[in-house]
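Here is the structure we will look at.
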Amino acid sequence: MKKAKTRRSRLCIKNVLAIIVMFACTSICFGMLTESNDYKADVFERHEVILNASSEVDITHGKAVAGNSDRLDGTANESDVFPLAPNGCTLIVENGAKVEEASGAYIRYNSECKSMKGNKIIVHGGDFSDEDIHGAYSDSTKNVVNVSGNRAEIDGGKEIGSVFGGYTRRGTVSGNEVFIEKGVTIGRNVNGGYVYGYGNANNNKVTISSSTDSASSVSSTSPRVSPPAPSSSPSNDERIKGNVLGGYVGGDGDAKNNIVTINDERIKGHVLGGFVHGDGDANDNKVTINDGRIKKFVVGGFVHGNGDANNNKVTINDGRIEGEKGYVCGGYVERNGNAEKNEVTITSTTVVLVIVTSLFSASPSP
């Protein structure tokens, strides 16, 4: 009898210990998830989310993000869809989806993350309520965040605001890409790489085409749940309502080696390969326009402050640069600096004014 009581006592002690251990582990794990809103991005990666009319999550009037550092649990409430992580994530938006702001990946303002890589947003349809689309978006004011190798691919959708391949408040945006085709209307600006403050915007790319024949079109391997929505724009309207920029720096920094290509499309604003709003260099940028109509100016490299704008190239074939501000310029520096070895080549194009700092060649318009 005593042996039986001793055995039961030992079992009780073991069970109590097990419960204590389980509770401790649970508390530690829960603490890891809830201790702080700060989140290091390299823990979770390569998530894919598809949104369409039959999506189980209600994303009406909400923000859609395939990877993020804001929420760790992957659940959604009335204002967000956040299934984790900022590297290698893909958000696919199909017909019937109603989204406000949408990003392949997102970093919040107080995140510890310092980089975002290889994220993508693919838009085949959906209603965006005049909000923006990002391949990757860093809103961090805590760290300098480098945003690289992200993409925004668009061949459908309506009421899209602005488009960004990669966006950061401070840091470097490099190797980000935007592809827009099939005459999709963009309500504001198109940006390959965008730095809100100081930093660098290098090696970013924007390709806009009204057809599907572009060599760099939306990925044919991208999953598709429903066919792309037809364009709602008349063929004679400017489908891009704002500016097109390959690389943009809002403060001091450099914008180099950015590429903008426009095929058979109409742009209501300016087109710039690289643009530095503060002090810095805008070198080695390229703008190519084939059978396009641009309402305002076209510049290869533009420095609003002090710096250099060298070795930029602008090529326009069968285009029309119109309006009072419809000039073409290879490289331009607003204040002090150099603008050398820039090239402008114009073929069968109507243009009001050409400003070149180096090499200019043209053939007469028909």
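The strands (runs of 3 or more DSSP E) found wholly in segment 114-190 and carrying at least 3 residues that are of a type in the set (Gly, Ala, Ser) and under 14 Å from the mean Cα position of the chain (by Cα) occupy 127-138, 158-168.
Does Gly175 qualify as being at pLDDT 95 or above, surrounded by fewer than 22 Cβ atoms within 10 Å (Cβ to Cβ) and under 15 Å from Asp254 (Cα atoms)? Here the answer is yes, as Gly175 does meet what is asked. Can we say Tyr248 is of a type in the set (Phe, Trp, Tyr) and over 25 Å from Ser209 (Cα atoms)? Answer is no for this residue. Restricting attention to segment 187-221 and to residues that are modelled with pLDDT under 95 and of a type outside the set (Gly, Ala, Ser), the residue that is surrounded by the fewest Cβ atoms within 10 Å (Cβ to Cβ) turns out to be Thr221.
You will find that of Gly323, Gly319, the residue that is modelled with pLDDT of 85 or more and not polar (S, T, N, Q) is Gly319 and no other.
The residues listed here are Glu131, Glu112; of these, the one that is within 23 Å of Asn189 (Cβ to Cβ), touching a residue at least 24 places away in the same chain (Cβ under 8 Å) and surrounded by fewer than 24 Cβ atoms within 10 Å (Cβ to Cβ) is Glu131. Which pairs do you get when a residue that is closer than 14 Å to Tyr137 by Cα, found in segment 171-183, comes within reach of a residue that is of a type in the set (Phe, Trp, Tyr) and not in a loop (DSSP other than H, G, I, E, B), reach meaning Cβ atoms under 7 angstrom, with the pair 6+ apart or on two chains? Short answer, once both residue conditions are applied: Val173/Tyr194.
The values are calculated or read from the model by the stated rules, or taken from the named source; none is laboratory data. Here the structure is a predicted model, which means the values were calculated and not measured. Because the Cβ atoms are built from the backbone with ideal geometry, glycine has one as well, and the counts that use them run over all protein chains shown.
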